[in-house]
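To start, the structure under review is shown below, and the notes come after it.
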Amino acid sequence: MFNILSMILFFITIFFIGSSYSGTIDPFCRDVEYIHYYTNFDCVVRLEAIDKKGAILNSSAVIIGPRTILMAAHSIGNTDQIKIVLNDKAYKIIKVIKHKDFVQENYGYYDIAIGLSEIDLTLSKYPVLYQESNEVNQIASICGTGMTGNFKTGAIRSTKSPRAGTNKIDRTYGTSLVCSASEHGAKDCTNLEFLICNGDSGGGLFIDGKLAGINSCVVATDGNANSDYGDETYHTRISELQEWIKDNQ
């Protein structure tokens, strides 16, 4: 694992994950298991933002209440034309509040926004927000949609199947939780190790079923932030932003 705090920015590739990719998986584990694991997280949905040129920017979001979602601030750009897709039905997001300290170029800090839906978003239950500051070394579940691959190949193919898996939180950086891939490979695939890719922005990282992070970006030192071995993924830390979320719901 590289020490990002000691690297000069010139040598680091940062890739905000806002297009159409889903996570990379352990090359020793079956993809179908990651697809099945995603069914535990119906609060994580696809988000579509339409830019000024009419292009659709695909990413993800987490529904945390009947009319409230969380997403990555970078993934929506400056557009106000946003919708989420829940159970194949589109819902318009009528208001977006980005964190006041978010800066596009300042990776690892405050990459979060709140969205308010025009009508109710009905789930059997909504995720509780993780409040503890003990995330490091915890095993987390992570969710996303789109393209995939494995830790050897990086993201190489597009699919329509959402995926989820797990990872250990290595450390914190700014207001982010940081994960990476173990290079020893799985022995029994019980943990379904997983890294987010492009398009997973706004998806969720969960600890004990509670929402602890919002997917943000991939950082690499090899010039190719494709979520392979050696890359790190960043997830905006919910425990640091409890009051901001509460005040803006």
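Could you pull out every Cys in the chain that lacks a partner Cys with its beta carbon under 4.7 Å away?
CYS43, CYS143, CYS179, CYS197, CYS217
For THR221, THR166, THR175, what ranking results if the residue with the fewest other Cβ atoms within 10 Å of its Cβ goes first?
Working: THR221 15, THR166 18, THR175 22.
Fewest-to-most ranking of THR221, THR166, THR175: THR221, THR166, THR175.
Have a look at LEU129, HIS36, VAL96 and report the one farthest towards the positive end of the charge dipole of the chain, computed about the Cα centre with Cβ charges (Lys/Arg +1, Asp/Glu -1).
Ranked along the dipole, the leading option is VAL96.
Running a GNM on the chain with Cα contacts under 10 Å, which residue among THR190, THR148, THR172 ends up with the highest mean-square fluctuation?
Fluctuation is largest for THR190.
So which GluC sites (Glu not before Pro) in the stretch 152-249 end up in coil per DSSP with only 14 or fewer other C-beta atoms within 10 Å? Present the calculation step by step, with values, prior to reporting the outcome.
Values: sites: GLU183, GLU193, GLU232, GLU240, GLU243; in loops: GLU183.
Loop-located and lightly packed - GLU183.
So if I place +1 on the C-beta of Lys and Arg and -1 on the C-beta of Asp and Glu, and nothing else carries charge, what would the dipole magnitude of the chain be about its Cα centre? I want it in debye, nearest 20.
So the dipole magnitude of the chain works out to roughly 660 debye.
Compute the length gained on full extension between LYS92 and GLU118: take 0.36 nm times their separation in residues and subtract their Cα-Cα distance, giving the result in nm to one decimal.
Details: separation 26, 0.36 × 26 = 9.36 nm, distance 0.57 nm.
Net length gain for the segment: 8.8 nm.
May I ask you to sort ILE156, ILE169 by Cβ crowding, counting other Cβ atoms within 10 Å and putting the fewest first? Provide the component values of the computation, followed by the final result.
On the way: ILE156 13, ILE169 23.
Fewest-to-most ranking of ILE156, ILE169: ILE156, ILE169.
In the structure shown, do any of LYS92/LYS160; LYS53/LYS160; LYS89/LYS168; LYS95/LYS125; LYS125/LYS152 have a Cα-Cα gap over 29 Å, and if so which?
Working: LYS92/LYS160 22 Å; LYS53/LYS160 25 Å; LYS89/LYS168 34 Å; LYS95/LYS125 23 Å; LYS125/LYS152 36 Å.
With Cα atoms farther than 29 Å apart: LYS89/LYS168; LYS125/LYS152.
Which trypsin sites (Lys or Arg not before Pro) does the stretch 46-95 hold that lie in a coil by DSSP with at most 14 other beta carbons within 10 Å?
Working: sites: ARG46, LYS52, LYS53, ARG67, LYS83, LYS89, LYS92, LYS95; in loops: LYS52, LYS53, ARG67.
Filter output for the stretch 46-95: LYS52, LYS53.
Per residue of the stretch 199-214, in order, report the coupling 6.51 cos²θ - 1.76 cosθ + 1.60 (Karplus, θ = phi - 60°) as ³J(HN,Hα) in whole Hz, putting x for Gly and Pro.
x, 8, 3, x, x, x, 10, 10, 10, 6, x, 9, 6, 10, x, 10
Given only helices, namely DSSP H runs of n ≥ 4 each adding -39500 (n - 2.57), what is the per-residue ellipticity at 222 nm of the chain, to the nearest 500 deg cm²/dmol? Numbers along the way, then the final one.
Values: 2 runs with 14 residues, N = 249.
Taken over the chain, the calculation gives -1500 deg cm²/dmol.
Quick one: Karplus J couplings for the stretch 73-90, per residue in order, coefficients 6.51, -1.76, 1.60, θ = phi - 60°, nearest Hz, x for Gly and Pro?
4, 5, 6, 9, x, 9, 7, 10, 9, 9, 9, 10, 10, 10, 6, 6, 10, 8
Using a cut-off of 21 Å between alpha-carbon atoms, which lysines can reach LYS98, once sequence neighbours fewer than 8 places away in the same chain are excluded?
Of all the lysines, those that pass the test against LYS98 - Cα under 21 Å, at least 8 places apart if same chain - are LYS52, LYS83, LYS246.
Only Cα pairs under 8 Å and at least 6 apart count here; give the relative contact order of the stretch 110-169 as a rounded whole percent. Please report the intermediate quantities before stating the final value.
On the way: 54 pairs, mean separation 19.4, N = 60.
It comes to 32 percent, rounded to a whole number.
Report, by chain and number, residues whose modeled amide H sits under 5 Å from the one on ILE64, excluding near sequence neighbours (fewer than 5 apart, same chain).
ILE69, LEU70
Loop-only check: which trypsin sites (Lys or Arg not before Pro) in the stretch 99-160 are DSSP coil with at most 10 other Cβ within 10 angstrom?
Details: sites: LYS100, LYS125, LYS152, ARG157, LYS160; in loops: LYS100, LYS125, LYS152, LYS160.
Hits after loop and neighbour filter: LYS100, LYS125, LYS160.
FYI, it's all coordinate maths here, none of it is from the lab. For clarity, every value in this text was computed on a predicted model and none was experimentally measured. Reconstructed Cβ throughout: ideal geometry from the backbone, glycine too, with neighbour counts over all protein chains shown.
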